[in-house]
1. Are there any chymotrypsin sites (Phe, Trp or Tyr not before Pro) in segment 409-497 that are in a DSSP loop and have at most 15 other Cβ atoms within 10 Å? List them by number.
2. Give me the distance in nm between label points sitting 7 Å out from Cα along the Cα-to-Cβ direction at Q377 and D365, one decimal.
3. Which of the residue pairs K94/K212; K81/K437; K233/K420; K369/K420; K27/K145; K27/K81 have a Cα-Cα distance greater than 26 Å in the structure shown?
4. Be a star and scan segment 185-213 for residues whose amide nitrogen sits under 11 Å from the point 7 Å along the Cα-to-Cβ vector of L283.
5. Between L148, L114, W133, whose Cα lies farthest towards the positive end of the dipole of segment 1-150 when Lys and Arg beta carbons carry +1 and Asp and Glu beta carbons carry -1, centred on the Cα centre?
6. For the chain, what relative contact order do you get, as a whole percent, if you take Cα pairs closer than 8 Å and at least 6 residues apart?
7. Cα to Cα, under 20 Å, and not fewer than 8 places away if on the same chain: which aspartates and glutamates meet these conditions relative to K448?
8. Given the Cα-Cα distance of Q176 and V229 and 0.36 nm per residue of separation, how much length would full extension add, in nm?
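Taken together, the values in this text are just the output of simple stated rules run on the coordinates, not laboratory data. These figures come from a predicted structure and were not determined experimentally. A quick note on method: Cβ atoms are made from the backbone with ideal geometry, for glycine too, and the neighbour counts reach across all protein chains shown.
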Amino acid sequence: MEDPYDRAYDWGWNNPELRRLVYLCYKTPDFVDNAHRFFASEEFGEAVRMLGSLGKPPRKTTTVLEIGCGNGVASYALARKGYSVIGLDSSNGKLAGIEAARKIQNLDGVQFELVHAAGDKIECDDGSFDIIWMREVLHHIKDLKGFLSEAMRVLKPGGLICCLRDTVIWNENQRQSFLSTHPFNHITQDEGCHYLQEYTEAFASNGFIVEKILTPVDSVINTYPAPFVPDRKFDEQAASSRQGGYDLFSFFYRKPGIPQEQRIPAPEPAESGASSPESALTLRFGNVTWGCHVQVIGMENILIGPGSCIGDNTWFNVCIRDRQIRMKIGRCVLIGRQAVVSTAGFLEIGDYCVLAPRVYVADSDHVFKDINQPVMQQGVTQGRSVVVEENCWLGINSVVSGNLTIGRGSVVAANAVVTKDVPPFSVVMGSPAIIVKMYNPLTKTWEKTPTPESRQQVLSARDRVGIPSRDEYRNLLDHAAVFKQIEPIVAGRNVNI
Ligand SMILES: CC(C)(COP(=O)(O)OP(=O)(O)OC[C@H]1O[C@@H](n2cnc3c(N)ncnc32)[C@H](O)[C@@H]1OP(=O)(O)O)[C@@H](O)C(=O)NCCC(=O)NCCS
């Protein structure tokens, strides 16, 4: 076999000690089985879910360039999910390169393109792709900065690059040990690894904006083939002091900006303040419209979906600023003026929600235990979560506070104070808020539910005919929505027409 990767995996497959590893790498000679297993893998499912949460769910209109597609299992899986995919690889290999990928090019009727390309230049036009996908590829690249400048060039404004499962080392001993103990490197001679800072600097120096960096324990994307165990923390200090081994990280970065023609004029300096915070926000969050005097504390911990609109004088506050995403605002969400959204745990506002002006949503409160101390220095309650599911309407002056979920499709009346869970498709009113109406899928009407019995009756009807799950409801809304973006004028920005 000519191709070094073909030789490496062929040798591994015929070596009883490495056969299992080759199987887990989806590099066996059974191309169909490799593709099906990767498509069904938790790792792939989770990666696509993350792309969706970053505003790039599978759509035929969303173009993906897979760089280093190898035998094409991810190109197949991405195309099968619904993206338009081009797979690119420098190897023509029959077992692990483009020739192998061609074998699954029409598998199950799934179509994707394949291109053989050598060298560091990506032979594609500027601004051609919504997503660049690379799995176990970036760490092979020696000139990270040069390569990422090419990636930046071929991405569309607002496009994402996701680099999954890349090798991170923390000292030179680990480099030596990684290169010398790698089971295939003696054949391929092509392995590589970098310090975490080398990756992040290469992205940053090319103007990429960080969306998410997954540590080795944050997701099944990195833990595979081991299962994901929730609540584990990555110990960077322990990792750095190890003499051998390495760690797998995954990177999600975004090319800033939205196409020029969609951009609304930035407010005058007098409106935006001397340091022009809105321009920082526009840079960080592609395709989101900002009003004037919006303050965001903890930008790195916040995700906002495309098409959303944040009204004048709103305040987003993340009290704990670590590597986690702690506040997630969905796509096409309208946050009215003077809203306060604050978290010291995890807070989510689902797609298509509408927050009227002066809404307060928070999962934390001031601690007031000690009467001898100022409240302000007693800290805030931590570890709670508030989830407002998709398509909820929170009325003017309403307050949502505590550790709770407001079910999808619900309405919170003006001035209500919600402190407990609200079932999906309910109307709640008052302080404390009580459920006054619920949607009955049997009668297809909103019914008054003044008593526990009447509420139970609707819940029983729902048990019988069912209600859409969150995913189903999201899909339903995506299909029903005739808009992809909230009108920028709604944000305020001192615009009069
Ligand atoms: C909740 C709301 C949507 C009305 O919903 P609805 O299902 O049509 O409710 P109804 O008008 O049938 O009212 C039902 C009962 O609740 C009462 N009610 C309505 N809104 C209420 C409120 N905010 N607080 C307390 N009671 C309220 C009504 O007076 C009525 O009482 P009754 O049964 O004794 O006559 C509306 O009252 C509201 O609060 N809208 C929010 C307005 C807003 O924030 N706009 C900003 C635009 S983003």
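1. Listed in order of number, the matching sites are F483.
2. 2.3
3. K94/K212; K81/K437; K233/K420; K27/K145
4. 207-209
5. Among L148, L114, W133, the one farthest towards the positive end of the dipole of segment 1-150 is W133.
6. The value is 8 percent.
7. Excluding near neighbours in sequence, the set is D421, D463.
8. Full extension of this stretch gives 16.1 nm more.
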